[in-house]
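To start, the structure under review is shown below, and the notes come after it.
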Amino acid sequence: MATSPRGGLRRLGPLAVALALTSAACSTVPTGGNVFAALGERESDPLSQPYVRMLAATPKPKGTPEEIVNGFLSAAASFDDPLRGVARQYLTGEAQRTWSPFDAVTIYDDGKSSSDAPGDVQQAHVELKGAVLGTLDGDGHYVPSQTSGGSVLDKGFTLVKVSGEWRISTAPSGLLLTNDDFKRAYRSFDLYFAAYQSEGLVADQVRVPINPSEGLAKSLVHRLLDGPTTPLRGAVDSAFGPNVDVNDVFVEGDTVVVDFTYGIVDSALVTANREALSAQLYWTLKPLTESRRIEVRVNGDQFPGGPFLIDPRDYDRYDPDLLPHAPKALYLQQGKLHILDKDNGNPVMSGVGAVQARQFSHLAVSNEQPAKVAALEKAGGVWVSGITPGSQWQRWIEGTRLTPPSWDRYGDVWSVSRQGARKAQVLRAHDPTRQMPVSAPGLESTDVTAFRVARDGARVAVISDDGRGQSVLVGSINRTRWAVQNLRTLVPAADGQEITDIAWQDADTLLVLTTAKSDRELTPWSVTQGIRIETPKAATRVEAVTAAPKANDDAPVLAGGPDGEILKWDLQKRTWITLVQNGAGAPVYPLG
């Protein structure tokens with residue numbers, strides 16, 4: 001018996017194709033389509049990126065059932081044929097009418113094919129078995145399998161003879177893509193939408209299918225016009241109205257031209273909306289435009305009233321990660337507020353007497369200028385103070401069983417009141433006069449030990465236990481009706497695992513500190529992809545973490561250790577270095 005991987009380029013794995021027929025013999029399965037590197041249709045256009053093409057091959061004459069199935073899978077994976085016209089040639093007439101490649105996308109572990117050769121029969125069944133790595137949802141989000149090693153793939157194909165040739169009469173709906181196929185056919189991009197009251201932007205990562213007929217930049221703008229994905233709906237806005245479409249995106253001299261239909265005029269009439277629209281477009285196209293300026297045109301003509309030009313320098317302030325270069329971390333020690341300045345802790349004048357009298361812990365720092373700090377008080381409540389001389393501590397949120405405070409970019413402080421066994425209430429406050437409950441149906445019947453608002457002000461991360469063990473949930477904040485919504489599991493509960501702490505690093509990256517038996521690890525997770533994005537760091541002495549966006553090279557991952565140590569992760573040495581020996585509270589970056 002001989003084996004060969006579909007496409008000729010793939011590593012053998014656990015996948016097997018079994019052919020259920022009446023006779024037995026050995027056969028070799030040939031490869032499907034040709035694969036080669038190529039540029040987009042405008043080879044000199046910087047908006048185009050090199051991509052690996054897979055040309056679909058038509059059915060092999062006198063092909064065996066498994067050769068037909070493998071050829072069909074290869075042809076269906078070809079993005080050079082967006083309507084899958086070649087793939088349909090592998091189907092019977094009725095199957096061509098009923099099979100849809102647009103219903104779903106399943107990504108599976110690649111492998112080998114083996115079969116018994118058919119005898120003189122008129123019907124055959126091919127079974128595809130393997131491991132599902134993930135799926136692509138309707139929004140363009142990759143959703144990984146929650147099962148370690150992937151869930152089971154078991155798909156069946158029925159084939160019949162048509163004019164003496166095997167054709168597929170029944171095929172699973174949607175696309176079945178190997179991991180290599182998936183990487184070739186889709187690109188990962190961040191879309192950007194306006195934050196609450198247009199204060200900054202929120203990134204929304206999606207997979208955009210490659211379509212050589214229109215180019216990657218135009219596909220990306222098309223996806224931006226479709227609006228935010230489901231997890232962010234209600235949490236962000238789009239400055240583009242519903243009647244806007246894109247005609248083309250191309251380079252003219254040193255300018256990237258984005259030509260819209262006339263609906264763009266209505267969307268950009270209001271100055272504030274025009275600013276947000278410009279920011280959304282610039283940040284979304286930034287990976288492809290190489291910081292060129294952008295001109296918006298309408299049906300090939302100049303924008304009414306004069307050129308509509310977007311200068312990249314005007315929109316850097318919309319960075320969703322928000323923090324300035326080299327932000328400073330703060331911590332409490334011996335009743336005083338300190339700033340961690342390189343390798344030294346320097347005291348900051350604050351309401352020092354109030355700190356000493358009250359015993360505060362679990363510091364949080366806002367991003368205002370001047371900043372405010374919030375902390376849990378031992379006797380109860382979340383208390384807030386400025387950091388300027390003479391500032392006084394005031395209680396903003398009442399309660400005795402509260403999670404550590406978390407600031408958002410709008411100056412609100414958040415906490416969760418644990419009101420009993422698996423009974424929680426999310427609270428927020430903007431000043432000391434009133435704390436306000438926030439609806440969070442997905443948390444109300446759970447035990448919440450941590451609640452962190454992301455720096456973009458739109459997302460939240462939560463350590464929660466619904467009685468089946470701790471897990472990390474991520475969701476978004478709907479500020480129109482004040483609700484925590486669209487909660488979904490990022491890190492599932494695992495036997496023997498304790499989730500100790502979480503911290504936002506950037507708009508998409510959440511650090512998760514876990515303890516299992518005597519081992520402790522710190523793992524970065526992509527919130528939008530739902531996967532681990534780096535190898536876990538050993539974190540034996542780490543008890544609490546804080547992080548700043550990776551672009552801040554002078555702002556390393558910091559941690560609080562036993563007996564009041566402050567630790568820094570050294571990227572070069574791949575180890576934790578002690579900055580403060582003892583007696584310090586856990587450090588925290590602004591909005592951390």
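Residue-level analysis places Thr158 outside the set of residues that are within 14 Å of Thr106 (Cα to Cα), among the hydroxyl-bearing types (Ser, Thr, Tyr) and modelled with pLDDT of 90 or more.
In segment 442-462, what residues are touching a Gly at 6+ places or on another chain (Cβ under 9 Å), among the small types (Gly, Ala, Ser) and closer than 21 Å to Val365 by Cβ? Gly457, Ala461 - these are the residues of segment 442-462 that are touching a Gly at 6+ places or on another chain (Cβ under 9 Å), among the small types (Gly, Ala, Ser) and closer than 21 Å to Val365 by Cβ. If you check Ala239, Ala203 for being in a loop (DSSP other than H, G, I, E, B) and in contact with a Leu (Cβ under 9 Å, 6 or more places away or on another chain), only one passes: Ala239.
With Ala171, Ala217, Ala131 as the choices, which residue is small (Gly, Ala, Ser), in the same structural domain as Leu55 (by TED's automatic domain parsing) and modelled with pLDDT of 90 or more?
Going through Ala171, Ala217, Ala131 in turn, the sole match is Ala171.
Checked against (1) under 23 Å from Gln205 (Cα atoms); (2) in a loop (DSSP other than H, G, I, E, B), Thr284 passes all but a single condition, namely (2).
Every residue, every condition in (1) crowded, with 21+ Cβ neighbours inside 10 Å; (2) of a type in the set (Phe, Trp, Tyr); (3) within 26 Å of the chain's Cα centre (by Cα), yes or no:
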residue: Val208; (1), (2), (3): no, no, yes
residue: Asn211; (1), (2), (3): no, no, yes
residue: Ala235; (1), (2), (3): yes, no, yes
residue: Phe240; (1), (2), (3): yes, yes, yes
residue: Phe260; (1), (2), (3): yes, yes, no
residue: Gln280; (1), (2), (3): yes, no, yes
residue: Lys286; (1), (2), (3): no, no, yes
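Restrict the check to segment 147-160 and report whether at least one residue is in a loop (DSSP other than H, G, I, E, B) and under 18 Å from Glu66 (Cβ atoms). No, segment 147-160 contains no residue that is in a loop (DSSP other than H, G, I, E, B) and under 18 Å from Glu66 (Cβ atoms). For segment 395-407, the set of residues classified as farther than 17 Å from Arg358 by Cβ and buried (at least 24 other Cβ atoms within 10 Å of the Cβ) consists of Thr403, Ser406, Trp407, listed by residue number.
Here Val258 passes the criteria (1) closer than 28 Å to Ala104 by Cα; (2) not in a helix (DSSP H, G or I) except the one numbered (1). Return the residues of segment 500-525 that are in contact (Cβ under 8 Å) with a residue 40 or more places away in the chain and over 19 Å from Glu565 (Cα atoms); say none if nothing qualifies. Hits for segment 500-525 are Trp504, Gln505, Asp506, Ala507, Asp508, Thr509, Leu510, Leu511, Val512, Trp525.
If you take the residues of segment 61-85 that are among the aliphatic types (A, V, I, L, M) and more than 10 Å from Phe157 (Cβ to Cβ), which of them is nearest to the chain's Cα centre (by Cα)? It would help to see each step written out before you state the result.
Residues of segment 61-85 that are among the aliphatic types (A, V, I, L, M), as a first pass: 68-69, 73, 75-77, 83.
In the following step, the residues that additionally are more than 10 Å from Phe157 (Cβ to Cβ) were identified as 75-77, 83.
Details: Ala75: 29, Ala76: 26, Ala77: 24, Leu83: 28 Å.
Per the criteria, the residue is Ala77.
Just wondering, is there one or more residues in segment 540-547 that are surrounded by fewer than 24 Cβ atoms within 10 Å (Cβ to Cβ) and under 22 Å from the mean Cα position of the chain (by Cα)? Checked against the condition, which is being surrounded by fewer than 24 Cβ atoms within 10 Å (Cβ to Cβ) and under 22 Å from the mean Cα position of the chain (by Cα), segment 540-547 yields no hits at all.
Applying the criterion of being among the aliphatic types (A, V, I, L, M) and in a loop (DSSP other than H, G, I, E, B) to the residues of segment 405-442, the residue that is modelled with the highest pLDDT is Ala440. Taking the criterion of being in the same structural domain as Gln505 (by TED's automatic domain parsing), crowded, with 18+ Cβ neighbours inside 10 Å and outside any strand (DSSP E or B), the only residue of segment 565-587 that qualifies is Glu565. Note on segment 423-471: residues that are closer than 25 Å to Leu323 by Cβ and among the polar types (S, T, N, Q) amount to 0. Summed over segment 471-490, the residues that are farther than 14 Å from Ala235 by Cβ and out of contact with any Lys or Arg (no Cβ under 9 Å at 6 or more places or on another chain) give a count of 4. Candidates are the residues of segment 86-100 that are buried (at least 19 other Cβ atoms within 10 Å of the Cβ), touching a residue at least 12 places away in the same chain (Cβ under 8 Å) and closer than 22 Å to Pro209 by Cα; the one that is farthest from the chain's Cα centre (by Cα) is Val86. Can you tell me which residue is surrounded by the fewest Cβ atoms within 10 Å (Cβ to Cβ) among those in segment 309-327 that are free of Cβ contacts under 8 Å to residues at least 60 places away in the same chain and in a loop (DSSP other than H, G, I, E, B)? Only one residue fits best here, namely Asp311. Taking every residue in segment 273-297 that is touching a residue at least 24 places away in the same chain (Cβ under 8 Å) and assigned by TED's automatic domain parsing to the domain that holds Leu220 and pairing it with any residue that is among the aromatic types (Phe, Trp, Tyr) and assigned to a helix (DSSP H, G or I), at least 6 positions away or on another chain, the pairs with Cβ-Cβ distances below 8 Å are Ala279/Tyr318; Trp283/Tyr318; Thr289/Tyr282; Ile294/Tyr282.
Of the strands (runs of 3 or more DSSP E) contained entirely in segment 1-115, those carrying at least 1 residues that are at pLDDT below 50 fall at 16-20, 34-38.
The number of residues in segment 361-394 that are at pLDDT below 90 and either touching a Leu at 6+ places or on another chain (Cβ under 7 Å) or crowded, with 24+ Cβ neighbours inside 10 Å (or both) comes to 1.
Residue by residue through segment 161-185, note down the ones that are in a strand (DSSP E or B) and basic (Lys, Arg). Step through it out loud before you land on a result.
Initial filter on segment 161-185 (in a strand (DSSP E or B)): 161-162, 165-170, 175-178.
Selection gives Lys161, Arg167.
Does segment 548-566 hold any residues that are hydrophobic (A, V, I, L, M, F, W, C) and over 20 Å from the mean Cα position of the chain (by Cα), and which are they? Ala555, Val557, Leu558, Ala559, Ile566, listed by residue number.
The values are calculated or read from the model by the stated rules, or taken from the named source; none is laboratory data. Just so it is clear, the structure is predicted and the values come from calculations on it, not from any experiment. In this analysis, Cβ positions are derived from the backbone assuming ideal geometry, glycine residues included, and neighbour counts consider all displayed protein chains.
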